[in-house]
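The values are calculated or read from the model by the stated rules, or taken from the named source; none is laboratory data. Computed from a prediction, not measured in an experiment: that's the story for all the values here. Quick reminder, even Gly has a Cβ in these numbers, built from the backbone with ideal geometry, and neighbours come from all protein chains shown.
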């Protein structure tokens, strides 16, 4: 059982602050890696998840991407994009309340991986139902890429 599960067992559905991490991963063709999630409501989002005790945000991204997509990232290829917070309280389908602090990284020229839950998506064809914090990270990445070109 992980840290979040242990915490929820103690406090139930009460509101907590959670530290999450996500990655804007772009392949050689310039497409973005997206994941369709079961919660909330089968939305599409960036690969990532919640920190466990003793992890850095970079380690969290590497672990989550490997667990969920099979892609093995070199931590050195991840660049900090931004930290997002203050989006308000979310409520999971099971009633858990949380505010998220989301740290976003990006990496370019990522080798393709295969997973039924993941898809490389051109930036021009992003799904509409992407969580707001992930949409902020995508927008910031595109602005950074534009500024560096």
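Among strands (runs of 3 or more DSSP E) entirely within region 45-149, having at least 1 residues that are in contact with a strand residue (DSSP E or B) (Cβ under 6 Å, 6 or more places away or on another chain) and farther than 23 Å from residue 3 by Cα singles out 79-84, 97-110, 118-122. Total residues in region 31-44 satisfying the condition of being outside any strand (DSSP E or B) and touching a strand residue (DSSP E or B) at 6+ places or on another chain (Cβ under 7 Å): the figure is 2. Answer yes or no as to whether residue 16 is farther than 17 Å from residue 130 by Cα, touching a helix residue (DSSP H, G or I) at 6+ places or on another chain (Cβ under 8 Å), at pLDDT 90 or above and buried (at least 20 other Cβ atoms within 10 Å of the Cβ). No: the conditions fail for residue 16.
When residue 148 is tested against (1) modelled with pLDDT under 90; (2) farther than 30 Å from residue 13 by Cβ; (3) surrounded by 15 or more Cβ atoms within 10 Å (Cβ to Cβ), exactly one condition is not met: (3). When residue 60 is tested against (1) within 18 Å of residue 137 (Cα to Cα); (2) surrounded by fewer than 14 Cβ atoms within 10 Å (Cβ to Cβ); (3) at pLDDT 90 or above, just one condition goes unmet, and that condition is (2). Within region 84-98, the residues that satisfy the criterion of being surrounded by 12 or more Cβ atoms within 10 Å (Cβ to Cβ) and more than 16 Å from residue 49 (Cβ to Cβ) are 85, 87, 91, 97. Screening residue 5 on (1) assigned to a helix (DSSP H, G or I); (2) loosely packed, with under 14 Cβ neighbours inside 10 Å; (3) under 14 Å from the mean Cα position of the chain (by Cα) shows it passes everything except condition (3).
Residue pairs whose Cβ atoms lie under 6 Å apart, sitting 6 or more positions apart in sequence or on different chains, and linking a residue in region 72-91 that is on the phi > 0 side of the Ramachandran plot to a partner that is exposed (fewer than 12 other Cβ atoms within 10 Å of the Cβ) and modelled with pLDDT of 90 or more, do not occur here.
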